[in-house]
Amino acid sequence: MPTYKAPLRDIRFLMNEVFDYPKHYQALSNGTAADPETVDMILEGAAEFCENILSPLYQSGDEEGCHFHEGEVTTPKGYKEAYDQLVQGGWQGLSYPEQYGGQNLPQSLNLIKSEMMGTANWPFQMYPGLSIGCMNTIMQYGTEQQKDTYMPKLVTGEWSGTMCLTEPQCGTDLGQVKTKAEPCEDGSYRISGTKIFISAGEHDLTENIVHIVLARLPNAPQGTKGISLFIVPKFLANDDASIGERNAVTCGSIEHKMGIRASATAVLNFDNATGYLIGEPNKGLHAMFTFMNTARIGTAIQGIAHAELSFQGALPYAKERLSMRALSGKKEPDKVADPIIYHADVRRMLLTQKAVAEGGRAMIYYAAQISDKMQDALQRGDQATFKEYDDQLGFYTPILKGFLTELGYESANLGMQVFGGHGYIKEWGMEQIVRDARIATLYEGTTGVQALDLIGRKVILSSRGKVIREYTAEILKFCSNQARNKYMRRFAWDLTKLCAQWNTLTLRIMLMARKDRDVVSSSSMDFLMFSGYVMMAYFWAQQAAIASEKIGLNQGPESIEFYKAKLKVADFYFERLLPRTQGHAESMLNPSRSMTALKAEHFSFDY
């Protein structure tokens, strides 16, 4: 069973050396309290909680799963006690205003804490994790009364939150939502309908659950333009924000899933439940995107979390398992065989995991800084700056969610592969990581949905390729600055060629789409993966630049080895993983006809 150890050295490297978080925090209106000493205390405290409390529950929670009985859900043994410790530690309110009981620290600290929690025990992390989007939505679109009613208990973690979008007949296509909202004379609404796949929709961890629900008002326009957003609590709140009577929201069942079995995925029935409009009528989908983008970045973390945990499980095994002799000669002659870590193919798997976990972590931490700047602009009422950073994060989101979860799943499989046949046995804990990782490419928008969002909405419709030109200009500026660094010349040259190719590919797809509209869809997956590999290469190059600089300064022996390892993993990424871009480039430029020529009625398994 993998035992989680928080990678604090790598986390601090990114925060303090690559992205200069101390300077970043000083520039934020809510960053003064995030001084280095406070940040270090938070990192240490989160690591201790994750290693000692959450990690031991990971495998046992999967074995037991959640229990459903007459509409009530009981989480696995130890979950309630662990959640109570989360509340007592004030972990849920790190990044929320003090007036609601929070600590008013930047959002990025909450995200970094979430990465540690998610790596230690992803199913547990989903319970407090879903509340984050709920709180963000209420903070941005709720009335003052709604904030005063719900935020204090959500911030402490005494109450939790969900997002209720999916229905039996629709998932991604929310224009098909049928849940109804009938207005009442007192200003509330009666919500009726069924929602499915609701993560943390019912459980025994908190005294109340606040559901954020998409529904239709009477005579609302058809499609996505006629959807409104509502707050529908499990228990109604009294005027003093205490628990009132039970609302007409019931859990019909929980799903029996391939993985994340300790996370309750509920079917919720709303039977004239009392709800409260949040935001403007018929503009619920716009407000819900606040929630969805939060959730998508949170799911991107799952990609690096499973890569990291699987690596931490596979590495000790690779150092201990004896099998054959290394092709280059005996490495440990006093033993009957060499440990498998000396075999190049095993190193390929381990290095892929490490490259994905550390490269993906860098991508996430940079996006977290954008999120901080967004929130800062919002608090200052600077809508223009907020829009600028929101657009930046909008470009990153589908790449982070789609690309990192795909590579996270690959990495989880590689960790199982390192164990050989033992990896297929439950007791080792590696197959659980694979099962848990599988959902990441599906929920919060499948990889295909993220790919269409990237190339269709973000690259073609919204910017006509401008977003790629601007991003590659940033990379090229970095490459120019590294031209005289001998360690960096190879990285800079490869990135320069890829930037030119990225722009050319974008232009060619836009031109092809004039005559072949389906090419946007047929090329989207390859475009997403190409974009992800180039983006990760840029962040590995940034890490390599810092590492090479530190090596030149002759740091202490322990630090020198850390920095040398960074350069070696960067070499591996550029030599072994980055060449995958060329297969994606060739594939995406092919016409759509090979995908569209076969008529739907001719798809058959019975000839």
Non-local residues with an amide H under 5 Å from the amide H of L105, with H modelled 1.01 Å from N and Pro and chain starts lacking one, are S95, Y96
The farthest towards the positive end of the charge dipole of the chain, of the residues S371, S522, Y409, given +1 on Cβ of Lys and Arg and -1 on Cβ of Asp and Glu, is S522
Evaluated at 37 °C and 0.692 mPa s, the Stokes-Einstein D of region 141-200 based on the Kirkwood radius over Cα pairs, in µm²/s, stands at 237
Could you tell me how many degrees, from 0 to 90 and to the nearest 10, lie between the Cα long axis of helix 519-552 and the main elongation axis, the longest principal axis, of the Cα atoms of the chain? 60
In whole Å and largest first, what semi-axes does the C-alpha gyration tensor of region 1-131 yield when each eigenvalue is scaled by 5 and square-rooted? 30, 18, 10
Determine the shape class of region 289-450: with a ≥ b ≥ c the square roots of the Cα gyration tensor eigenvalues, call it rounded for a/c under 1.5, and otherwise prolate if a/b is greater than b/c, oblate otherwise. prolate
Rg followed by Dmax, in Å, when the chain is reduced to its Cα trace: 24.5, 84
Tell me which of V434, G360, C479 sits at the most positive position along the dipole axis of the chain, charges placed on C-beta atoms (Lys, Arg +1; Asp, Glu -1). C479
Kirkwood-based Rg over Rh for region 169-275 (C-alpha set), two decimals? 0.99
Round to a whole angstrom and tell me the spacing of the C-alpha centers of region 144-165 and region 340-409. 27
How big is D, in µm² s⁻¹, for region 459-594 by Stokes-Einstein at 10 °C and 1.306 mPa s if Rh is the Kirkwood radius over C-alpha pairs? 98
How large is ³J(HN,Hα), in whole Hz, for each residue of region 32-40 in order, when computed from phi with the Karplus curve 6.51 cos²θ - 1.76 cosθ + 1.60 and θ = phi - 60°, using x for Gly and Pro? 5, 6, 8, 6, x, 5, 5, 4, 5
Between 0 and 90°, nearest 10: helix 144-156 axis offset from the chain longest Cα axis: 50
Which whole-number percentage describes the relative contact order of region 459-594, with Cα contacts under 8 Å and a sequence gap of 6 or more? 28
Just how far, in whole angstrom, is region 466-489 from region 5-22 if you go by their alpha carbon centroids? 22
Check which residues have an amide H placed less than 5 Å from M163's amide H, if you skip close sequence neighbours. I212
Given the rule -39500 (n - 2.57) for each run of at least 4 DSSP H residues, summed and divided by the residues of the chain, what is its mean residue ellipticity at 222 nm, to the nearest 500 deg cm²/dmol? -17500 deg cm²/dmol
Note, ³J(HN,Hα) from phi for region 592-597, Karplus 6.51, -1.76, 1.60, rounded to Hz, x at Gly and Pro: 7, 4, 5, 8, 9, 5
Using packing as a proxy for protection, rank 201-213, 270-282, 299-311 so that the peptide with the highest average count of other Cβ atoms within 10 Å comes first. 299-311, 201-213, 270-282
The chain: relative contact order from alpha carbon pairs under 8 Å, six or more residues apart, as a whole percent, is 12
For region 70-223, what mean projected area does the convex hull of the alpha carbons give, in nm²? 10.7
Using θ = phi - 60° and the Karplus form 6.51 cos²θ - 1.76 cosθ + 1.60, what ³J(HN,Hα) does each residue of region 557-563 get, whole Hz, x for Gly and Pro? x, 5, 5, 4, 5, 4, 5
Size of the dipole of the chain about the Cα centre, Lys and Arg at +1 and Asp and Glu at -1 on the beta carbon, nothing else charged, in debye to 20? 2780
Contact order normalised by length for region 279-344, with contacts defined as Cα pairs under 8 Å and 6 or more residues apart; what percent is it? 23
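Throughout, read-outs are computed from the coordinates displayed, never taken from laboratory work. What you see is a predicted model; the values in this text were computed from it and never measured. Glycine also receives a Cβ, built like all others from the backbone with ideal geometry; neighbour counts cover every protein chain displayed.
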